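To start, the structure itself, in structure tokens.
The values are calculated or read from the model by the stated rules, or taken from the named source; none is laboratory data. Remember, predicted model here, so these are calculated numbers, not experimental data. We place every Cβ from the backbone using ideal geometry, glycine too, and count neighbours over all the protein chains shown.
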DNA sequence: GATAATTTGTGCGAACCGTGAACAAATAGT
DNA sequence: ACTATTTGTTCACGGTTCGCACAAATTATC
């Protein structure tokens with residue numbers, strides 16, 4: 001059969017660039033500049049993107065036609081010259097973010113630019129969650145929160161889950177805390193919630209890392225490591241501004257680096273995982289408290305330490321030392337700008353940081369020192385923010401394409 | 001002062017794309033396809049790049065004009081249809097690769113496509129190397145090897161060094177084995193060797209990782225970890241096809257992850273670094289040999305083990321166990337496709353791998369298993385190959401730009 | 001050995017994109 | 001009111017790929 005179109009294979013490798021790629025890339029530049037820096041004048045956009053006024057005019061008008069942004073009347077800023085109109089996000093374009101935790105499910109709606117429009121959280125008591133129940137709960141939660149937000153056009157959906165997530169498949173491969181195994185969460189949700197754009201699923205710690213990197217404590221860092229823990233310890237790595245995924249998207253399981261080969265048994269089947277030394281169970285046990293009391297007990301432990309109780313202080317020093325040992329390893333491996341501590345390491349930051357720093361002084365290679373160790377500034381909302389950022393990613397990379405695919 | 005050119009800031013952000021960017025990107029596609037897949041017909045290039053015949057014709061003619069490639073007469077391949085001319089690398093375009101080891105200095109010339117044209121190695125006896133001497137030695141070695149190769153046009157130079165290298169500055173920040181401290185090797189070499197294009201300096205293990213990823217055991221892997229060791233233990237990480245650098249290019253110091261917090265003192269000042277358990281000193285000591293004997297002693301140890309000597313076997317089992325502990329950590333963190341073992345872990349691969357695998361079975365999170373552990377296939381030439389690949393990187397990204405900057 | 005089928009190179013117009021200059025508009029300062 | 005300054009608008013221009021029509025070169029078939 002002769003090829004009717006004569007040439008243009010188009011099937012195997014879409015790596016090449018054409019004129020349209022230039023337009024897409026520049027639209028992405030403009031919309032990303034707005035998303036990450038907030039509303040800007042057209043003049044500012046020229047400076048941020050390096051495009052000429054003529055070109056920015058075209059990009060903005062195209063984004064306006066797509067309904068993504070609009071221009072506000074120019075405001076005089078006191079300097080001479082014709083004032084430039086302010087380009088702002090449309091009010092009815094947003095992303096849906098969903099968080100599946102052990103003890104709660106949450107959903108939120110974020111506008112372009114990162115502003116939260118609505119948030120709802122549903123507490124759960126049981127730890128084992130039936131998949132069908134979870135899907136149904138997420139569905140009603142999503143519908144409610146979308147109504148709260150004024151039913152905006154949803155550009156994409158991001159889901160954060162406690163467990164290993166195969167990102168390319170949007171599948172939860174293993175989530176022991178939920179009792180889930182190979183759950184195709186993306187597909188299941190696509191049937192439950194409609195008109196919510198492309199659905200992407202990610203690990204909660206990786207999403208928190210993404211959030212802190214974009215809008216949190218790692219905003220100015222190119223290379224960042226996020227570490228969070230309560231019962232389990234998870235993390236995420238941002239390398240050169242982009243999340244580290246690994247082969248299947250499982251990268252960042254830093255709770256299971258071996259720090260003490262002859263130490264305690266870990267739930268994962270290994271021995272001496274970092275998690276067994278810096279997790280909340282080890283901390284509470286060292287402090288003479290009930291290891292099963294969970295996250296709330298940590299707050300009482302901070303109080304005890306504040307009051308100067310010796311066992312509490314010792315427990316924190318020991319835990320801080322182990323924290324420092326692992327952090328040293330991470331710094332030597334990744335050479336990051338910043339390490340962001342979330343979860344109980346954020347609330348207990350003041351009680352732990354000295355022991356951590358002491359350990360770093362001997363264990364980090366001298367030229368690699370200088371990495372900042374800071375607490376998370378987004379706290380518990382990091383997961384939802386990161387899920388939203390993941391959902392925005394496609395729209396930012398190809399604004400017109402995703403908009404036209406939304407309005408089928 | 002009014003702006004004479006009216007607009008076009010051009011100074012701060014060169015992120016935007018124009019028509020010329022498209023051409024550059026597509027030229028890069030074509031040349032890279034040739035570099036990594038070997039000579040291809042124009043028709044093949046259409047398939048690899050997704051460009052049309054018209055476009056490929058333009059790209060090839062431009063690369064030909066720049067002197068990078070030429071077309072060979074078409075050869076009939078037995079199938080019907082007009083035969084397509086074969087696009088091949090010019091014979092006189094090459095990269096210079098230099099390797100600065102503790103006990104030797106080497107230089108080599110590689111043609112586009114990766115073929116080695118010439119190689120020379122200069123042994124050294126003393127371990128402390130004066131910088132001036134090293135520069136002079138490298139200079140003569142480079143001149144000699146370039147003459148051997150027929151004085152090709154050098155498109156770029158890559159230097160691999162045993163030590164921490166600040167890649168952006170082309171500076172050796174710390175190289176204890178050479179006794180170097182903050183040596184601006186790139187600048188110094190630029191004065192010594194002329195007409196060798198842009199000079200880039202990198203860490204030897206990172207370059208080996210790059211080499212194995214491009215042309216070695218990690219060729220088909222997107223995510224790869226390279227591990228090499230003799231006295232010191234180094235490594236490099238390829239994430240999503242690209243080398244992990246970290247903030248200053250120091251990333252990948254996996255010899256200094258803490259595996260045994262109360263273990264032996266490490267030369268870096270820390271305690272229980274992986275290097276202290278899997279380095280050659282620990283191995284020889286366990287086998288009852290002289291820890292200071294160096295790399296040659298390892299070969300005799302393999303012999304002892306082959307002959308069934310118990311202490312040798314025990315030493316290898318113990319070392320293999322520690323090797324497995326660290327590799328498990330790396331897999332849990334990075335979720336790689338492949339782990340490539342170089343240095344003495346390549347020569348001793350058969351004696352170590354069983355103990356490593358045994359450890360992985362309990363320590364790696366189940367969904368992360370399946371990472372292949374394989375020996376390096378480039379062996380000792382990995383560093384030079386990686387250095388050449390680093391040198392090629394610029395030319396592949398912007399062929400015409402670098403060629404015109406070469407012919408000043 | 002001639003013809004058909006197939007594959008590929010070549011040439012050219014069309015479409016798309018950003019540039020940059022000229023001009024107009026809008027503001028502050030004098 | 002006038003000038004300086006900054007910015008939006010318009011438009012011709014150069015650069016790039018695409019896709020078609022045609023020619024060229026090879027194999028398969030009769």
Item to check | Selection from the range B:246-265 of residues that are more than 7 Å from chain A (Cβ to nearest Cβ) and surrounded by fewer than 23 Cβ atoms within 10 Å (Cβ to Cβ) | outcome: B:262, B:263, B:264, B:265
Checklist outcome for this item: Those residues of the range A:72-108 that are more than 16 Å from DNA strand C (Cβ to nearest atom) and on the phi > 0 side of the Ramachandran plot come to a total of 0
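Could you say which residue among B:96, B:117, B:40 is away from DNA strand D (no atom under 16 Å from the Cβ), within 28 Å of the chain's Cα centre (by Cα) and within 14 Å of chain A (Cβ to nearest Cβ)?
B:40
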Item to check | Which numbered condition residue A:309 misses (of (1) buried (at least 19 other Cβ atoms within 10 Å of the Cβ); (2) out of contact with any helix residue (DSSP H, G or I) (no Cβ under 8 Å at 6 or more places or on another chain); (3) free of Cβ contacts under 8 Å to residues at least 40 places away in the same chain) | outcome: (1)
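Quick one: how many residues across the range B:333-347 are in a loop (DSSP other than H, G, I, E, B) and surrounded by 23 or more Cβ atoms within 10 Å (Cβ to Cβ)? Walk me through how you get there before you give the answer.
To start, the set of residues in the range B:333-347 that are in a loop (DSSP other than H, G, I, E, B) comprises B:335-337, B:342-343.
Checking which are surrounded by 23 or more Cβ atoms within 10 Å (Cβ to Cβ) leaves us with B:335-336, B:342-343.
Total satisfying the criteria: 4.
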Checklist entry - Yes or no: residue B:362 within 30 Å of residue A:203 (Cβ to Cβ) and assigned to a helix (DSSP H, G or I)? => result yes
Checklist entry - Since residue A:106 meets every condition but one in (1) modelled with pLDDT of 95 or more; (2) over 30 Å from residue A:183 (Cβ atoms); (3) away from DNA strand D (no atom under 13 Å from the Cβ), which condition does it not meet? => result (2)
Checklist entry - Hey, among A:396, A:352, which residue is assigned to a helix (DSSP H, G or I), modelled with pLDDT of 95 or more and closer than 30 Å to residue A:34 by Cα? => result A:396
Checklist entry - Does residue B:133 satisfy the criteria of being more than 16 Å from DNA strand C (Cβ to nearest atom), under 28 Å from residue B:192 (Cβ atoms), more than 14 Å from chain A (Cβ to nearest Cβ) and touching a strand residue (DSSP E or B) at 6+ places or on another chain (Cβ under 6 Å)? => result no
Next on the checklist: Criterion first (within 11 Å of another protein chain (Cβ to nearest Cβ) and in contact (Cβ under 8 Å) with a residue 40 or more places away in the chain) does residue B:301 satisfy it?
Outcome noted: no
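Against the definition (modelled with pLDDT of 95 or more and away from every other protein chain (no Cβ under 12 Å)), how does residue A:279 come out, yes or no?
Values: modelled with pLDDT of 95 or more: yes; away from every other protein chain (no Cβ under 12 Å): yes.
The answer is yes for residue A:279.
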Item to check | Any hit, the range A:212-228, residues being in contact (Cβ under 8 Å) with a residue 60 or more places away in the chain and farther than 25 Å from residue A:337 by Cα | outcome: no
Item to check | the range B:47-62 - residue that is within 29 Å of the chain's Cα centre (by Cα) and without any contact (Cβ under 8 Å) to a residue 24 or more places away in the chain and, of those, nearest to DNA strand D (Cβ to nearest atom) | outcome: B:50
Checklist outcome for this item: residue A:210 vs (1) within 13 Å of residue A:389 (Cα to Cα); (2) facing chain B (nearest Cβ under 10 Å): all pass except (2)
Checklist entry - Does any residue of the range B:74-88 turn out to be modelled with pLDDT of 95 or more, buried (at least 21 other Cβ atoms within 10 Å of the Cβ) and more than 12 Å from DNA strand D (Cβ to nearest atom)? => result yes
Checklist entry - Any idea how many residues of the range A:235-251 are in contact with a strand residue (DSSP E or B) (Cβ under 8 Å, 6 or more places away or on another chain), more than 16 Å from residue A:221 (Cα to Cα) and free of Cβ contacts under 8 Å to residues at least 12 places away in the same chain? => result 1
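For the subset of the range A:273-293 comprising residues that are outside any helix (DSSP H, G or I) and in contact with a helix residue (DSSP H, G or I) (Cβ under 7 Å, 6 or more places away or on another chain), which member is nearest to residue A:254 (Cα to Cα)? Let's see the steps before the verdict.
Step one: filter the range A:273-293 for residues outside any helix (DSSP H, G or I), giving A:273, A:279, A:287-290.
Narrowing further to those that are in contact with a helix residue (DSSP H, G or I) (Cβ under 7 Å, 6 or more places away or on another chain): A:273, A:287-290.
Values: A:273: 9, A:287: 24, A:288: 26, A:289: 26, A:290: 25 Å.
Step by step, filter the range A:273-293, then rank; the result is A:273.
Can we say residue B:128 is more than 13 Å from DNA strand C (Cβ to nearest atom) and modelled with pLDDT under 95? Outline the logic, then answer.
Details: more than 13 Å from DNA strand C (Cβ to nearest atom): yes; modelled with pLDDT under 95: yes.
So residue B:128 fits the description; yes.
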